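The values are calculated or read from the model by the stated rules, or taken from the named source; none is laboratory data. The model shown is predicted, which means the values in this text are computed figures rather than measured ones. All Cβ positions, glycine included, derive from the backbone under ideal geometry; neighbour counts span all protein chains shown.
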Amino acid sequence: MILLKLLLEILHHQMACLKQEKSRMEQAALNEMCEVLGGGMRAEEIKELWTEYENNASLEASLVKDFDKVEMILQALEYEMEHGKVLDEFFLSTAGKFQTEIGKSWAAEIVSRRKSTLAKEQN
């Protein structure tokens, strides 16, 4: 499931865009991928996995969604540390949105490291 999500992102180089446009691009990428696979059972399975992810219909889907957000804030933290910028919007946009215990735990660790880094820079 996570590989499917990453492949769809790669196929259409998703940047920050409107939710409807993002959804349209993902659907186009999904259709393109299924066409490349020649349709059939494998393509249907991929479509079902994508629907499961989009509908957050399983623990696996929740984990993938959490890992996607964890990756985003981890990249934001790395960018902050490397470039000396403050990227609050990434942390604010994910605050309270983690669904799984592991997602919450990893996010808390990243936020803790960020606070520690920011405190050191202020001293």
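Being closer than 21 Å to ASP66 by Cα and touching a residue at least 40 places away in the same chain (Cβ under 8 Å) narrows it down to one of ILE110, ILE102, so name that one. Lay out the reasoning, then the answer.
Numbers: ILE102 fails: touching a residue at least 40 places away in the same chain (Cβ under 8 Å).
Checking each option against the conditions leaves just ILE110.
How many residues are among the polar types (S, T, N, Q) and part of a loop (DSSP other than H, G, I, E, B) when one looks only at region 54-100?
Selection size over region 54-100: 5.
Just give me the residues in region 29-54 being within 12 Å of LYS5 (Cβ to Cβ) and of a type outside the set (D, E, K, R), in sequence order. Walk me through it before giving the result.
Pass one, region 29-54, residues within 12 Å of LYS5 (Cβ to Cβ): 29-30, 33, 46, 49-50, 52-54.
Of everything in region 29-54, those that are within 12 Å of LYS5 (Cβ to Cβ) and of a type outside the set (D, E, K, R) turn out to be ALA29, LEU30, MET33, ILE46, LEU49, TRP50, TYR53.
Test of understanding: among LEU30, LEU37, LEU118, which residue is under 18 Å from the mean Cα position of the chain (by Cα) and surrounded by 10 or more Cβ atoms within 10 Å (Cβ to Cβ)?
Working: LEU37 fails: under 18 Å from the mean Cα position of the chain (by Cα); LEU118 fails: under 18 Å from the mean Cα position of the chain (by Cα).
Result: LEU30 is the single residue among LEU30, LEU37, LEU118 that is under 18 Å from the mean Cα position of the chain (by Cα) and surrounded by 10 or more Cβ atoms within 10 Å (Cβ to Cβ).
Under 7 Å between Cβ atoms, at least 6 apart or on separate chains: pull out the pairs that start in region 20-32 with a residue that is acidic (Asp, Glu) and end on any residue that is in a helix (DSSP H, G or I) and surrounded by 15 or more Cβ atoms within 10 Å (Cβ to Cβ).
Taking only residues 6 or more apart or on different chains, the pairs are GLU26/LEU8; GLU32/LEU11.
Please pick out the residue among MET25, MET1 that is in contact with a His (Cβ under 9 Å, 6 or more places away or on another chain) and modelled with pLDDT under 90.
Details: MET1 fails: in contact with a His (Cβ under 9 Å, 6 or more places away or on another chain).
Matching residue, one of MET25, MET1: MET25.
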